[in-house]
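Structure, as structure tokens:
The values are calculated or read from the model by the stated rules, or taken from the named source; none is laboratory data. Since we're looking at a predicted model, the values are computed, not measured. Here Cβ is always computed from backbone atoms with ideal geometry, including for glycine, and neighbour counts include all displayed protein chains. All accessible areas refer to the heavy atoms of the entire protein, side chains included, with ligands and DNA or RNA removed. Shrake-Rupley method; radii C 1.70, N 1.55, O 1.52, S 1.80 Å.
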Amino acid sequence: MVHIVGAGSGAPDLITLRGAELLRKAQVVIYAGSLVNPSLLGLCGPDCRLYNSAHLTLEEVLEVIRQATEQNQDVVRLHTGDPCLFGAIREQTDALDALGIGWDVTPGVSSFCGAAAALGAEYTLPGVSQSLIITRLAGRTPVPEREQLAAMASHGASMAIFLSSGMLPEVARQLLAGGAYTADTPAALVYKATWPEERICRCTIGTLAQSGEEAGIHSTALVLVGEFLRQGSAHYDRSKLYDPGFTTGFREATR
């Protein structure tokens, strides 16, 4: 059996209880060594075999899994954040299906959640934005034409941009090309959210590239963009959920 586990955004205590227990029981762990906090491997038993997938191809990962399952060993495939976001798990699960190997998925805390927590931010503010776009800039790996960053930016919604902190001038250019944001729209860079070395850089789209350069942030950071980042309480509406004048299925309005 293969357990695909989200390691969380970085802090070792942000892995789920289920994920931690699967690590303790696993006989083989294949982990994304470029981003998974290595302290999580301390949960593994003394006889557990560890493989860093940063040095492996998909075919090599599958061969490790095939050999382990032939010996009736449980395998944990440990991914960063939540496996459903930029985790490349579909190609693995399809291959496992073809091999007749069972699998399941344990979700994790994504870095876009960790980044918002670091900023004390809420992506969905009443009267500001009720949508969050999770995307990335096209680089060596393309994105569908309809999902170019400028097209996504045209919505003016809250945005969490992955895998793009090394291309900040182009990120800023495409964000402005979308037409819904301005150079003064709030932005932020969150480097290694929830890790001990986490760093936060608040800026605007207009100063995004310069701020990243001055902070020395060129990788392993999320770019967050949108009016939800504007500080102060005057620019958003109060939630109806806790408004005394709003009736819900649990309480009647009091005024």
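Taking residues in the range 164-189 that are in contact (Cβ under 8 Å) with a residue 24 or more places away in the chain, and partners anywhere that are among the basic types (K, R), the pairs with Cβ atoms closer than 9 Å and at least 6 places apart or on different chains are S164/R136; T185/R230; P186/R202; P186/R230; A187/R202; A188/R202; L189/R199; L189/R202. Screening the range 229-243 for residues that are modelled with pLDDT of 85 or more and of a type in the set (S, T, N, Q) and picking the one that is farthest from D184 (Cα to Cα) gives S239.
Remark: pairs (first residue in the range 197-214, without any contact (Cβ under 8 Å) to a residue 60 or more places away in the chain; second residue open to solvent by 70 Å² or more (accessible area, probe 1.4 Å) and of a type in the set (D, E, K, R); Cβ separation under 8 Å; 6+ apart in sequence or on different chains) = T204/D184; I205/D184; G206/D184.
Within the set H155, H235, the sole residue that is within 28 Å of G87 (Cα to Cα), open to solvent by 30 Å² or more (accessible area, probe 1.4 Å) and part of a loop (DSSP other than H, G, I, E, B) turns out to be H155. Per the listing E213, E198, the residue uniquely charged (D, E, K, R) and either open to solvent by 80 Å² or more (accessible area, probe 1.4 Å) or more than 17 Å from S165 (Cα to Cα) (or both) is E213. Scan the range 182-190 and give yes if some residue there is charged (D, E, K, R) and buried (at least 16 other Cβ atoms within 10 Å of the Cβ), otherwise no. No, the range 182-190 contains no residue that is charged (D, E, K, R) and buried (at least 16 other Cβ atoms within 10 Å of the Cβ).
There is at least one residue in the range 104-114 that is in contact (Cβ under 8 Å) with a residue 40 or more places away in the chain, surrounded by fewer than 17 Cβ atoms within 10 Å (Cβ to Cβ) and part of a strand (DSSP E or B). When L222, L241 are checked against the criterion of being open to solvent by 80 Å² or more (accessible area, probe 1.4 Å), of a type outside the set (F, W, Y) and either under 22 Å from A121 (Cβ atoms) or not in a loop (DSSP other than H, G, I, E, B) (or both), L241 stands alone in meeting it.
For A118, state whether it is over 20 Å from the mean Cα position of the chain (by Cα), open to solvent by less than 40 Å² (accessible area, probe 1.4 Å) and of a type outside the set (K, R). Here the answer is no, as A118 does not meet what is asked.
Within the range 31-41, one or more residues are in contact with a Leu (Cβ under 6 Å, 6 or more places away or on another chain), within 20 Å of V109 (Cβ to Cβ) and crowded, with 22+ Cβ neighbours inside 10 Å.
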